[in-house]
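> Quick one: the structure is below, and I'll ask about it shortly.
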Amino acid sequence: MHHSEPGSSRRVPQSHAAVEVGGTGTAEGALVPAPRRHRAGDSEAAIGSPSHGTPLADARGPRPVPVTVWRRVDAPPVVAFDAVVPIDLPTIFRGYGPLPAVVSATDAPGGERWGVEGQSRTVMLAGGGRMEETVLEVQQPGLFRYRVVPVRGPLRLLVRQIEGQFVFARHERGGTAIRWTYVFRPRRGATPLARVLAPLWRRYAEQAIDRIAAAVDAR
């Protein structure tokens, strides 16, 4: 798959990021817009509710730490969905600071196209880390949810699992808003470290979603 640069004439990158903060918050984990690279005309109403499908409520463990980023692409939702869900992970996750790159992901069982509820695969990271990924929910072309469980590597000492979600919604200015949320579920006692991880992951995710958006617009 050939990727165009995010700053090409075809698309002006736009973003929205959120991290959990202290205080009473909301049922959605107190998502707050980050004060960076927000562009006039790209309102929340343009891309849908940030709580749509977000799996944050969990009274069984420490408070989850969510991170959300988004981009607008020219393609309609059905095209964006079909491009993003089976995308090649090593081309997207190239590492950021202490966060490792993805080096491989096993094929879906039976050679099926990735993106069917209940599918699982193994994701290998640079440095020897390993994670197990499972598809939780698919509502084509609007929603794709999955769970990642760290099995080997430093991250497993910090979080017990991560829930990821892509939401694809028509944007008021045309094309599709791709909203990507990662919800870290810390181990007991590890919430402060998870809060430190969140800004690092947000910067990693910003780079990754730039590549995702470029791949969609290059189709």
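Computed from the coordinates by the stated procedures, all read-outs in this text should not be read as laboratory data. Every value quoted in this text rests on a predicted model; they were computed, and no experiment measured them. Because the Cβ atoms are built from the backbone with ideal geometry, glycine has one as well, and the counts that use them run over all protein chains shown.
> For region 58-217, what number results from the quotient of the Cα radius of gyration and 2.2 N^0.38 Å?
Dividing the Cα radius of gyration by 2.2 N^0.38 Å gives 1.01.
> By its C-alpha gyration tensor, with a ≥ b ≥ c as the square roots of the eigenvalues, how is region 122-219 shaped: rounded for a/c under 1.5, else prolate for a/b larger than b/c, else oblate?
prolate
> Right, something else. Using 1/(1 + (r/R0)^6) with R0 = 22 angstrom and r between the beta carbons of ASP74 and GLU137, what's the FRET efficiency to the nearest 0.05?
Efficiency, rounded to the nearest 0.05: 0.25.
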